[in-house]
Amino acid sequence: MRNGMDKIKRFIDCYVPITTCTLRCHYCYITQHGLFAQKIPKLKYSVETVRKALSKERLGGTCLINFCAAGETLLLKELLDYVRALLEEGHYVMIVTNATVSSRFDEVVKFPPTLLRRLFFKFSYHYLELKQKNLLEKFFKNIQKVRDAGCSFTLEVTPSDELIPFIDEMNQKAVEELGAIPHVTVARDERDPEKLPILTEMSKEEYKEVWGKFHSALFDYKMELFEVRRTEFCYAGEWSFYLNLGTGMMSQCYKSLKEQNIFEHPEQPIVFCPIGNNCLEHHCYNGHVWIALGDIPELLAPTYAELRNRVCEDGSEWINPEMKSFMGSKLFESNKSYTSEEKAVVNKKLHRLIVRRHLKHRVANLLKVVRREK
Ligand code: SF4
């Protein structure tokens, strides 16, 4: 049921196991890794199981659930069945998509309007690929279709050096079709999987100069977080988590010290454990979601709604009031923060795991050496 006062209890970043795509952008992480699996997998866990596993009761309240694949999310035909079930459960859902699989948009607009009010699309605006493949009209038609049906959305550009000569025409098209220019993300170079630096030949200053012109709160905030190692106490693992829709494995964040299959026994409670002061990443490259939603309460951050919304020339907005209010709430408003004693207990427990992991690695490496010498 609609409730304008809903506040976010948890954020779940849900990986959809698809590595194939309708486009072939040169900066894409899948292209960079040379992975383009052709097969679309069948999901092991049914819609009913996933709904039960992610019920409001089990999660403790209304959650924001993001669906994103390594390839094109909506190539998975059944995905919308899962989305619908979670909307019916009362959650708010986001889908990351390149808006090229038209049949899915025809299908989604048939959902009841009360569900569509809690559905948000992140449309990736791959301008050069869309233009080259003659897909721009189709792209915008699909976006307008869901917008007119009551969904919220954002339009996001992945900055690349090759795109710079086309910025004006790309923005003009976005204004004509959707009333405002796109937001800008920061592209990471996956050829260095440890550090994940910015994917560009320009200096950081030049990069900021070029893409800063979009006045995108998303870009500005991502740039602020990029290359900053996080040492604060982070609630990822409890207030938020990463989930694989194919396997049911839940982890604290992309890199994690604890894992659990939460689809196998949906009647049992989930064991939540924050990662604390033990973030394993070089930097929080998707902190525009995790941190903006409140995983590190002591950091002042814009709201997620601020990072995604645009006000159009006619005064309308990309995000509807209900979604805006929900995306404007923070995880620390509906979750209890830990005392310093509680934090110390978590950190101690996780330290033990880190030590055990190091030891295991060292033993494995030693065994490799011994075997080679035999
Ligand atoms: S600081 Fe960011 S990357 Fe690190 S665990 Fe928290 S959310 Fe994940």
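Over the alpha-carbon set of region 225-346, divide Rg by the Kirkwood Rh and report the Rg/Rh ratio to two decimals. List each step's numbers first, then the result.
Numbers: Rg = 16.2 Å, Rh = 15.9 Å.
Over the Cα atoms of region 225-346, Rg/Rh equals 1.02.
Between Ala364 and Lys255, what length comes free when the chain is fully extended (0.36 nm per residue of separation minus the Cα-Cα distance, one decimal in nm)? Write down the numbers at each step before the final one.
Numbers: separation 109, 0.36 × 109 = 39.24 nm, distance 2.02 nm.
So the extension gain works out to 37.2 nm.
May I ask you to list the GluC sites (Glu not before Pro) in region 66-107 that are in a DSSP loop and have at most 14 other Cβ atoms within 10 Å of their Cβ?
Hits after loop and neighbour filter: Glu78.
Please report, in cubic angstrom per residue, the volume enclosed by the convex hull of the alpha-carbon atoms of region 158-281.
Measuring per residue, one finds 160 Å³ for the Cα hull of region 158-281.
At a temperature of 4 °C and a viscosity of 1.567 mPa s, determine how fast region 59-183 diffuses translationally according to Stokes-Einstein, using the Kirkwood radius over alpha-carbon pairs as Rh; express D in µm²/s, rounded to the nearest whole number. Translational D for this selection: 85 µm²/s. Sorting the Cα pairs of the chain by distance into bins of 20 Å, from 0 upward, gives 27, 60, 13, 0 percent per bin. At what distance in angstrom do the alpha carbon centres of region 310-345 and region 140-173 lie from each other? Region 310-345 and region 140-173 have Cα centres spaced 24 Å from each other. Using a cut-off of 27 Å between Cα atoms, the listed pairs Lys145/Lys204; Lys77/Lys131; Lys39/Lys368 include Lys145/Lys204; Lys39/Lys368 as exceeding that distance.
With the cut-off at 18 Å, tell me which of the pairs Lys9/Lys324; Lys9/Lys343; Lys133/Lys173; Lys258/Lys349 have Cα atoms farther apart than that.
Distance filter (> 18 Å) returns Lys9/Lys343.
Prolate is the label for region 141-217. Its Cα gyration tensor axes, ordered a ≥ b ≥ c, give a/c of at least 1.5 and a/b above b/c. Mean projected area of the Cα convex hull of region 188-235, taken over all directions, amounts to 4.4 nm².
GNM, the chain, Cα, under 10 Å: largest mean-square fluctuation among Gly294, Gly246, Gly237? Looking only at Gly294, Gly246, Gly237, the biggest GNM fluctuation is shown by Gly246.
Where Rh denotes the Kirkwood radius from the mean inverse Cα pair distance, what is Rg over Rh for region 208-268? Write out the running numbers ahead of the final one.
Working: Rg = 16.8 Å, Rh = 14.4 Å.
With Rg and the Kirkwood Rh in hand, the quotient comes to 1.17.
FYI, it's all coordinate maths here, none of it is from the lab. Every value quoted in this text rests on a predicted model; they were computed, and no experiment measured them. Neighbour counts run over all protein chains shown; Cβ positions are idealised from the backbone, glycine included.
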